[in-house]
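Please read the structure below before turning to the comments.
The values are calculated or read from the model by the stated rules, or taken from the named source; none is laboratory data. Treat the numbers as computed from the prediction; the structure is a model and nothing was measured. Ideal geometry is used to build each Cβ from the backbone, glycine not excepted, and the neighbour counts take in all protein chains shown. Keep in mind that these areas ignore ligands, DNA and RNA; they rest on the heavy atoms of the full protein, side chains included. Shrake-Rupley method; radii C 1.70, N 1.55, O 1.52, S 1.80 Å.
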Amino acid sequence: GAVVSQHPSWVICKSGTSVKIECRSLDFQATTMFWYRQFPKQSLMLMATSNEGSKATYEQGVEKDKFLINHASLTLSTLTVTSAHPEDSSFYICSASPPFGDEQYFGPGTRLTVT
Amino acid sequence: GENVEQHPSTLSVQEGDSAVIKCTYSDSASNYFPWYKQELGKGPQLIIDIRSNVGEKKDQRIAVTLNKTAKHFSLHITETQPEDSAVYFCAASLDNAGNMLTFGGGTRLMVKP
C-alpha cells in the first residue's frame, strides 16, 4: 500500500518550453500533496504544498507563476514548469499524505533537463 | 521554524557492523519523526517512523530511538548489508503543520562487503 507514482520519470526539454509532471497516489486518497526539488547530493527542498480543490501554498522564494501546481482530485497533482530554463534542471519529487495520517509517501521522482 | 541537523554526512561501515545516524531538532512541539532511505536516482522511501509518545521502535534490523528532553533521535541499523548503502534522511513535523516535514541534510551510508 501507499504507492505514489510520477510521470514522466525523466524529461528533456528546450529552453523556453513548458513541462508538466504528474503525481498520483495509486492506492489511497491524498488530501495533501507536496512538491520538492532536489539538487545533486543535497537534501529535499520543499517547493509547495497543495490541498485538493484549493490553491497551492508556495514556500518563500518559489515563483508561483513559474511553477504551476494543480491538485484537481484526491489522487492527482500536477506541477508545470513554465518557460523552463537550464537552471530549472533538477530532480523533482512529489509526496502524498493520506487523510488522518501524518506520513508522507514519496514518488520516484522526475529528472528534468533543460537544454 | 523547525531546524533539523543530521550527522554524520557520510558513514562507511564494514558489512555486518552496525550503523548509527543521529538527528537533532529545534522545535520541542515536533511530534512525528520519520526516516527515509533514498537510493540513487529514486524517490525517498519511508523505512521507519516514531511519534513523540514512544521512546523506541524496532523493525527487524532497523530501530529508531527518540529523546524528547534532549530533542534528538537516532536511526540504528544492525548487521548492515551492501544493499543498505544509500542516503538516509531524517525529518520532523508538527501535528498542526499540515504534515509538513523538515528534513535533515542526509547521511550517505556506504556498506563495504
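Filtered by the rule that a residue be over 12 Å from the mean Cα position of the chain (by Cα) and either open to solvent by less than 70 Å² (accessible area, probe 1.4 Å) or away from chain B (no Cβ under 11 Å) (or both), the range A:45-57 gives A:Asn51, A:Glu52, A:Gly53, A:Ser54, A:Lys55.
Conditions (1) more than 8 Å from chain B (Cβ to nearest Cβ); (2) modelled with pLDDT under 95; (3) buried (at least 17 other Cβ atoms within 10 Å of the Cβ), marked per residue:
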site	(1), (2), (3)
A:His71	yes, yes, yes
A:Val81	yes, no, yes
A:Ser90	yes, no, yes
A:Ser97	no, yes, yes
A:Phe106	no, no, yes
A:Gly109	no, no, yes
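Tally up the residues in the range B:55-113 that are surrounded by 14 or more Cβ atoms within 10 Å (Cβ to Cβ), away from chain A (no Cβ under 14 Å) and touching a Gly at 6+ places or on another chain (Cβ under 7 Å), please. Counting residues in the range B:55-113 that are surrounded by 14 or more Cβ atoms within 10 Å (Cβ to Cβ), away from chain A (no Cβ under 14 Å) and touching a Gly at 6+ places or on another chain (Cβ under 7 Å) gives 3. B:Arg51 meets the stated requirement of being among the basic types (Lys, Arg), without any contact (Cβ under 8 Å) to a residue 24 or more places away in the chain and at the interface with another protein chain (Cβ under 10 Å from one of its Cβ atoms). Within the range B:78-104, residues that are in a helix (DSSP H, G or I) sit with their Cβ atoms under 9 Å from residues that are at pLDDT 90 or above and basic (Lys, Arg), at 6+ positions apart or across chains, in these pairs: B:Pro82/B:Lys112; B:Asp84/B:Lys37; B:Asp84/B:Arg61. On inspection, B:Lys37 does not qualify as open to solvent by 40 Å² or more (accessible area, probe 1.4 Å) and modelled with pLDDT of 95 or more. Within the range A:12-26, being more than 12 Å from chain B (Cβ to nearest Cβ), open to solvent by less than 70 Å² (accessible area, probe 1.4 Å) and over 14 Å from A:Pro86 (Cβ atoms) holds for A:Ile21, A:Glu22, A:Ser25.
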